[in-house]
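The values are calculated or read from the model by the stated rules, or taken from the named source; none is laboratory data. This one's a predicted model, so the numbers in the text were calculated from it and none came from an experiment. FYI the Cβ positions are ideal-geometry reconstructions off the backbone, even for glycines, and counts take in every protein chain you see. Areas reflect the complete protein model, heavy atoms only, side chains present, ligands, DNA and RNA absent. Shrake-Rupley method; radii C 1.70, N 1.55, O 1.52, S 1.80 Å.
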Amino acid sequence: MEVRRDIFQAIADPTRRAIITLVALQAMTPNGIAKHFDSTRQAVSKHLRILTECGLITQNQQGREIYYQLEVNKMKEIDNWLNQFRAIWESRFNQLDEVLLTIKNIK
């Protein structure tokens, strides 16, 4: 049975965000990833499992080693979801700029 985890719960954790950043730069082994953290290899493995279950990273077997890499298309899904809000924020910031400019010109 395959567990599907929520992407946003997965990226809410700072350690998992750091792992995503690491594997975005290059594919890495679990040991290579674990070297960057002050936690047990077991704790890092749990984070890797969660990120894999929600599809943000994938495993690639190369000989005896397993490499984790970023699943770019899944990150694009997050970006697309956020884009709908980006337009709203930018519109509100532009309105705020206009109000501030008006107040400044009145003085």
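Things to note:
- For the stretch 63-76, the candidate set comprises residues that are outside any strand (DSSP E or B) and aliphatic (A, V, I, L, M); within that set, the residue that is surrounded by the fewest Cβ atoms within 10 Å (Cβ to Cβ) is VAL72.
- Scan of the stretch 25-40 for residues that are in a helix (DSSP H, G or I) and surrounded by 14 or more Cβ atoms within 10 Å (Cβ to Cβ), ordered by number: PRO30, GLY32, ILE33, ALA34
- Among the numbered conditions (1) part of a helix (DSSP H, G or I); (2) at positive phi, the only one that GLY55 does not meet is (1).
- Residue in the stretch 4-22 that is in a helix (DSSP H, G or I) and over 17 Å from the mean Cα position of the chain (by Cα) present: no
- Residue match in the stretch 77-100 (condition: touching a residue at least 12 places away in the same chain (Cβ under 8 Å) and either surrounded by 10 or more Cβ atoms within 10 Å (Cβ to Cβ) or β-branched (Val, Ile, Thr) (or both)): yes
- All of (1) polar (S, T, N, Q); (2) open to solvent by 70 Å² or more (accessible area, probe 1.4 Å); (3) within 25 Å of the chain's Cα centre (by Cα) hold for THR58 with one exception: (2).
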